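Everything below concerns the one structure shown next.
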Amino acid sequence: MALVKRGDTFDPGRVRLALGAPFSLVSTAMNDVLELAGVSVVRGSKTLLDGVDWQVKEGERWVIMGPNGAGKTTLLQIAGARMHPTRGVAGILDEVMGAVDVFELRPRIGLASASLAAQIPEHETVLNVVVTASYGVTGRWREQYEKLDVRRAFHLLDAWGMSTFMNRPFATLSEGERKRVQIARALMTDPELLLLDEPAAGLDLAGREDLIRRLSELAADEESPAIVLVTHHLEEVPPGFTHAMLMRDGGVVSAGAIADVLVEEHLSNAFDLPLEVTNRDGRYSAVART
Ligand SMILES: Nc1ncnc2c1ncn2[C@@H]1O[C@H](COP(=O)(O)OP(=O)(O)O)[C@@H](O)[C@H]1O
Ligand SMILES: [Mg+2]
């Protein structure tokens, strides 16, 4: 994907010139899943994201960390084609936000977040929560698709240990069960990018460990899409994740290979607190330095 200069205001005409009509971005051996250049999001007098540059390539598994209000959810909204940058350019799956029909782009991106979960009607069955994710991309040959969709939803629920719950109302599930159903839903459209906003929030210790193990297995599977996981806790980083970004005040403190980023210096800086960081067999943890 061609780079657009940092700080540029998005202008489809200019991007077309920069990228070559008709928006067919230059492919490399490792395709870019995300390419953000100087992305800012401003709401009123508040800058939610401040000139973020970020590249995610196929096969990468990213963890995003930072204190409350750092801009993590906003960044995922941009990456999920749910929000446009105020300034800068967001390239998503070889398309450019503003020059693409987001309703065609969104099914290529799986997203699980608390705000999406809150939109699920109380009596929706578990199977329906997953199968309805495909409605955006089906339409013609509806009946035939429905059978395939239901089969795929069942297999995904099975893979996430939830097939026996398929007829239960979503609202009756435990928090851990809900999280697994939401991830199955996010995978329903066979996305090229999977975005998970704090999937371990609210889980008990066993639920957290179960989820981390499953996410670690997902990360290890070559067939899995590129993954971006937002978390508050270093303990929740699944082994096998390859990259990390630390955010603070809407900006990027550090981004790159996970072993270079999740270190005391950068983490202490991001959280504005001197931290002691350990890594045992791929499991990280942090405590305040005394
Ligand atoms: N529509 C909005 N208008 C003004 N401020 C907002 C809006 N949405 C989010 N914010 C603020 O932007 C900051 C970043 O939010 P968010 O991306 O949710 O952070 P994080 O997920 O890292 O906790 C927060 O301070 C939040 O209150
Ligand atoms: Mg958030």
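Since every read-out is calculated from the coordinates, none of them should be taken as a lab result. Everything quoted here is computed from the prediction, not taken from an experiment. Here the Cβ positions follow ideal geometry from the backbone for every residue, glycine too, while neighbour counts run over all protein chains shown.
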Over segment 224-290, what is the relative contact order in whole percent, taking alpha-carbon pairs under 8 Å and six or more residues apart?
28 percent
Shape category assigned to segment 168-282 from the gyration tensor of Cα positions, a/c cut at 1.5
prolate
Rounded to one decimal in nm, the spacing of the 7 Å Cα→Cβ label points at HIS84 and LYS46 is 2.2 nm
Obtain the nm distance between the two label points defined at GLU222 and SER115 by a simple spin-label model: each point lies 7 Å from its Cα along the Cα-to-C-beta direction.
3.7 nm
Backbone HN-Hα couplings from phi across segment 62-75 [Karplus 6.51/-1.76/1.60, Hz, Gly and Pro as x]
9, 10, 10, 10, x, x, 3, x, 6, x, 5, 5, 4, 4
Sort segment 244-290 into rounded, prolate or oblate with this rule: let a ≥ b ≥ c be the square roots of the eigenvalues of the Cα gyration tensor; rounded if a/c is under 1.5, and if a/c is not under 1.5, prolate when a/b is larger than b/c, oblate otherwise.
oblate
Between segment 29-76 and segment 108-124, what's the alpha-carbon centroid distance in Å?
21 Å
With +1 on the Cβ of every Lys and Arg and -1 on the Cβ of every Asp and Glu, and nothing else charged, how large is the dipole of the chain about its Cα centre, in debye rounded to the nearest 20?
620 debye
Let me know the number of lysine pairs in the chain closer than 28 Å at the Cα, not counting same-chain pairs under 8 apart.
8
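Relative to 2.2 N^0.38 Å, what does the C-alpha radius of gyration of the chain come to as a ratio? Two decimals please.
Normalised Rg, Cα atoms only: 1.01.
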